[in-house]
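Asker: So that we are looking at the same thing, I have put the structure below in structure tokens.
The values are calculated or read from the model by the stated rules, or taken from the named source; none is laboratory data. Model, not experiment: these values are computed from the prediction. Reconstructed Cβ throughout: ideal geometry from the backbone, glycine too, with neighbour counts over all protein chains shown.
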Amino acid sequence: MDLGLSGARVLVTAGAAGIGRAIVDGFLAQGARVATCDISEEALATLPPGVLARRVDVADATALAAFTDEAIDGLGGLDCLVNNAGIAGPTAPVEHVDIAAWRQTLDVVLTSQFVTVGRAVPALRASKNPSIANLSSLAGRMGFAMRTPYAAAKWGVIGLTKSLSIELGPDGIRVNAILPGLVAGDRQRRVLEARAQRQGISFDEAEAEAFRYTSLREYVPPEAIASQILYLASHQGRHVSGQSLSVCGDTRMLG
């Protein structure tokens, strides 16, 4: 389906693997021009020619701001910002969570979005079809026991998104949050492995427990997340802003 995104200038954080790579590939398939960063040199090397790609640790606000400026300059402006970068953070009772792990999780998941938006807004104001998509999580709506840094950061993403939608709406900039559920890939596997280890059960048992609260009982493919973001970035999504949109197969609880 042609979404009218040919030539769109798009910046995606953490776009070399997983959900981010599906988002990058989706925009490229629509004829968009894409810039992305990632912490993995190996993953960056797999990106197709023509993508402006740099190794950046998004927890480093100075480096991230510099990359955002470089990307906007290299693209000749910006139409869509996708804040995808994130980490799972520690899986532990709150009294055992190290303050450094707490800070790192918030820096990667939440503060990175604040940094990129702050640098991108002037360019987005000059766009004829500006949008921002921030990756949150069902943990940002439901909470997540034993994952307090992650859940707190993802709740923060929703608050940031709603506030930005109100602030930037008069400029015509749409801002939405995407809340993935159980997404197929290495990160979800690691989360379930940590849960299994914590509970003293097998991976299969941890997986079955997670799906017990999901109506469709299957993983969400990364491409489904990308499709939602492509729609929001297109003119078809021009009246959607300030929303927290779940792509989760109707997950009712995070165990």
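Asker: Which residue pairs have Cβ atoms closer than 6 Å, lie 6 or more positions apart in sequence or on different chains, and pair a first residue in region 125-149 that is part of a helix (DSSP H, G or I) with a second residue that is of a type in the set (Phe, Trp, Tyr)?
Answerer: As it stands, the answer is ALA139/TYR150; GLY140/TRP155; PRO149/TRP102, since those pairs meet every condition given.
Asker: OK, next. Would you confirm whether or not region 13-24 contains a residue that is under 13 Å from ALA120 (Cβ atoms), touching a residue at least 40 places away in the same chain (Cβ under 8 Å) and not basic (Lys, Arg)?
Answerer: Let us first name the residues in region 13-24 that are under 13 Å from ALA120 (Cβ atoms), namely 13.
With the extra rule that they be touching a residue at least 40 places away in the same chain (Cβ under 8 Å), the set shrinks to 13.
So of that shortlist, the ones also not basic (Lys, Arg) come out as 13.
Yes, region 13-24 contains a residue that is under 13 Å from ALA120 (Cβ atoms), touching a residue at least 40 places away in the same chain (Cβ under 8 Å) and not basic (Lys, Arg).
Asker: Let me ask something else. Look at region 220-251 and say how many of its residues are of a type in the set (A, V, I, L, M, F, W, C) and closer than 20 Å to ALA29 by Cα.
Answerer: Taking region 220-251 and keeping what is of a type in the set (A, V, I, L, M, F, W, C), we get 220, 224-226, 229-230, 232-233, 240, 245, 247-248.
After this cut, where a residue has to be closer than 20 Å to ALA29 by Cα as well, the list is 224-226, 229-230, 232-233.
Of the residues in region 220-251, 7 are of a type in the set (A, V, I, L, M, F, W, C) and closer than 20 Å to ALA29 by Cα.
Asker: Another one. Residues that are more than 19 Å from the chain's Cα centre (by Cα): which helices (runs of 4 or more DSSP H) entirely in region 174-254 hold 3 or more of them? Can you show your working first?
Answerer: Numbers: elements: 186-199, 203-211, 222-233.
By residue number, 186-199, 203-211.
Asker: Would you check which residues across region 25-54 are in a loop (DSSP other than H, G, I, E, B), out of contact with any Lys or Arg (no Cβ under 9 Å at 6 or more places or on another chain) and among the hydrophobic types (A, V, I, L, M, F, W, C) and list them?
Answerer: Applying the first criterion (in a loop (DSSP other than H, G, I, E, B)) to region 25-54 yields 30-32, 39-40, 45-51.
Pick out the ones that are also out of contact with any Lys or Arg (no Cβ under 9 Å at 6 or more places or on another chain) and you get 30-31, 45, 48-49.
Matches in region 25-54: ALA45 only.
Okay, residues lined up against (1) touching a residue at least 60 places away in the same chain (Cβ under 8 Å); (2) among the charged types (D, E, K, R); (3) not assigned by TED's automatic domain parsing to the domain that holds GLY26:
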site: ALA152; (1), (2), (3): no, no, no
site: LYS162; (1), (2), (3): yes, yes, no
site: ASN176; (1), (2), (3): yes, no, no
site: LEU192; (1), (2), (3): no, no, yes
site: TYR213; (1), (2), (3): no, no, yes
site: SER227; (1), (2), (3): yes, no, no
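Asker: Quick one: in region 66-108, of everything that is surrounded by fewer than 18 Cβ atoms within 10 Å (Cβ to Cβ) and touching a strand residue (DSSP E or B) at 6+ places or on another chain (Cβ under 6 Å), which residue is farthest from ASP38 (Cα to Cα)?
Answerer: GLY77
Asker: All but one of (1) assigned to a loop (DSSP other than H, G, I, E, B); (2) crowded, with 18+ Cβ neighbours inside 10 Å; (3) within 19 Å of the chain's Cα centre (by Cα) hold for ALA22; state the number of the condition that does not hold.
Answerer: For ALA22, the failing item is (1).
Asker: Give the residues of region 122-176 that are under 16 Å from GLY86 (Cβ atoms), modelled with pLDDT of 95 or more and among the aliphatic types (A, V, I, L, M), sorted by residue number.
Answerer: ILE132, ALA133, LEU135, ALA151, ALA152, ALA153, VAL157, ILE158, LEU160
Asker: Pick from ASP69, ASP57: which is among the charged types (D, E, K, R), at pLDDT 95 or above and either within 17 Å of ALA16 (Cα to Cα) or not in a helix (DSSP H, G or I) (or both)?
Answerer: On the way: ASP69 fails: either within 17 Å of ALA16 (Cα to Cα) or not in a helix (DSSP H, G or I) (or both).
Of the residues listed, the single one that is among the charged types (D, E, K, R), at pLDDT 95 or above and either within 17 Å of ALA16 (Cα to Cα) or not in a helix (DSSP H, G or I) (or both) is ASP57.
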